[in-house]
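Just below is one structure, and these are the notes that go with it.
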Amino acid sequence: MVKARYPRLYRGVQFAVVLTLIVIMLGAWTRLRDAGLGCPDWPTCYGHLTVPSTPESLARAEALYPGSVVEPAKAWPETIHRYFASSIGLVILLLAAYCWRRREEDAMPWRHALALLVLVCVQGAFGALTVTEKLYPPVVTAHLLLGFSTLTGLFWLLLRVRGAFPPTGDRGASRLGSWVGIAIALLVCQIALGGWTASNYAATVCTKLPICQTGWQQAWSPAEAFKLFHNDDQSYEFAPHLGPAEKITIHATHRIGAIAITALFIGLIVLLIRRTHATRYRFFALLLGAGLFVQISLGIVNVVAGLPLWNAVAHNVWAAILLQLLVALAYAIHREKRLGGYS
């Protein structure tokens, strides 16, 4: 078994990966409970470090935000999400400081750690903008993608520190890098479509499989459905700027993307089975197949059961796990080519 060169750093990155996955879960939970504006300010909640509950704190909240009503059922998910997200920033700061102090050591990934620190700062800024821009869909979707990027950057760092996937000598595997890259790019696009669907409150407008209910083609309106800029300064909670046709277009596009990514995954699985001989890549094929089956099942349950909260959150988290599975495969192929001498 391969041992990590820097055990303390490895354990720290392990913790950061798990913590980031939890924050992605909490972010999905907050978004799907329509609690994105549970606190109208940032980083406090109605001017408090926690959700106001005493008569004095509620009176202060009313004075700061006249007309707003504190809803604990929405404010608490948002507050919990913020504290967990802030803890990721702190952990990454500590990891970056550790790597920087030991940057003269051979193979210390200090540049990688500093890049992650910059990324998580940008992520925090978009978290603030999510609130101050009143759930503006491009900001919410970018916030989601940055969260997935942070998880991916941490997972890639984990693989580097671990020295994972020494080369097997499988020349066939080394030739599949382009296919894996395409799969990652398409999955990221699909995740972005999922974020756009959620941020525009279009997750429940299509109630039939596989694309949508009858007549969705007549509702097709991509110009307005994917419009990035709006001039009015309104709240985008529940997407009042979109009509039913635009929401159907968004959801149907996400479904079409799911069909495309399914076809590509199946093709990649077939290539892994037919063109590789190392057990590692056959195992990757098995994991991809199982992961795809789970994600499709979660998507179907979302439709037939009317988007149950637990299932919708799992659908988000499983997308993040699928992405990391592809990243691990890409890293294994990268190591195969770099250390195995294949071009």
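Below is a table of values for the structure above.
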item	result
Residue, surrounded by the most Cβ atoms within 10 Å (Cβ to Cβ), within the range 10-49, restricted to residues that are over 20 Å from Val313 (Cα atoms) and aromatic (Phe, Trp, Tyr)	Tyr46
Which numbered condition Leu145 misses (of (1) on the phi > 0 side of the Ramachandran plot; (2) surrounded by fewer than 17 Cβ atoms within 10 Å (Cβ to Cβ); (3) of a type outside the set (D, E, K, R))	(1)
Looking only at the range 55-90, and only at residues there that are surrounded by fewer than 16 Cβ atoms within 10 Å (Cβ to Cβ) and in a loop (DSSP other than H, G, I, E, B), the one that is modelled with the lowest pLDDT	Gly67
Flag for Leu117 being surrounded by 12 or more Cβ atoms within 10 Å (Cβ to Cβ), more than 21 Å from the chain's Cα centre (by Cα), assigned to a helix (DSSP H, G or I) and of a type outside the set (S, T, N, Q)	no
Selection status of Gly127, touching a residue at least 60 places away in the same chain (Cβ under 8 Å), part of a helix (DSSP H, G or I), in the same structural domain as Tyr10 (by TED's automatic domain parsing) and within 18 Å of Ile184 (Cβ to Cβ)	no
Test set (1) in contact with a Pro (Cβ under 8 Å, 6 or more places away or on another chain); (2) of a type outside the set (Ser, Thr, Tyr); (3) assigned to a helix (DSSP H, G or I) - Arg280 fails condition number	(1)
Conditions (1) out of contact with any helix residue (DSSP H, G or I) (no Cβ under 8 Å at 6 or more places or on another chain); (2) modelled with pLDDT of 95 or more; (3) part of a loop (DSSP other than H, G, I, E, B): number failed by Ala185	(3)
Within the range 221-238, considering residues that are touching a helix residue (DSSP H, G or I) at 6+ places or on another chain (Cβ under 7 Å) and assigned to a loop (DSSP other than H, G, I, E, B), the one farthest from Gly36 (Cα to Cα)	Ser221
Any chance Tyr65 is among the hydroxyl-bearing types (Ser, Thr, Tyr) and without any contact (Cβ under 8 Å) to a residue 60 or more places away in the chain	yes
Residue in the range 91-103 that is within 25 Å of Val118 (Cβ to Cβ) and part of a loop (DSSP other than H, G, I, E, B) present	yes
Residue list for the range 189-209, restricted to those being buried (at least 16 other Cβ atoms within 10 Å of the Cβ) and part of a helix (DSSP H, G or I)	Gln190, Ile191, Ala192, Leu193, Gly194, Gly195, Trp196, Thr197, Ala198, Ser199
Breaking point among (1) within 22 Å of Met25 (Cβ to Cβ); (2) within 18 Å of the chain's Cα centre (by Cα); (3) of a type outside the set (Asp, Glu), for Val131	(2)
Of all residues making up the range 239-255, the number that are outside any loop (DSSP other than H, G, I, E, B) and loosely packed, with under 15 Cβ neighbours inside 10 Å	1
Options Ile250, Ile256, Ile266: the member that is in contact with a Ser or Thr (Cβ under 7 Å, 6 or more places away or on another chain) and at negative phi	Ile250
Residue match in the range 287-295 (condition: in a helix (DSSP H, G or I), free of Cβ contacts under 8 Å to residues at least 60 places away in the same chain and more than 30 Å from Val161 (Cβ to Cβ))	yes
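One line per residue, one yes/no per condition, for (1) under 27 Å from Thr197 (Cβ atoms); (2) at pLDDT 95 or above; (3) of a type outside the set (Phe, Trp, Tyr):
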{"site": "Leu268", "(1), (2), (3)": "yes, yes, yes"}
{"site": "Leu271", "(1), (2), (3)": "no, yes, yes"}
{"site": "Gly289", "(1), (2), (3)": "yes, yes, yes"}
{"site": "Tyr331", "(1), (2), (3)": "no, yes, no"}
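The values are calculated or read from the model by the stated rules, or taken from the named source; none is laboratory data. Being a predicted model, the structure only gives us computed values, none of them experimental. Virtual Cβ from ideal backbone geometry, glycine too; neighbours counted across all protein chains shown.
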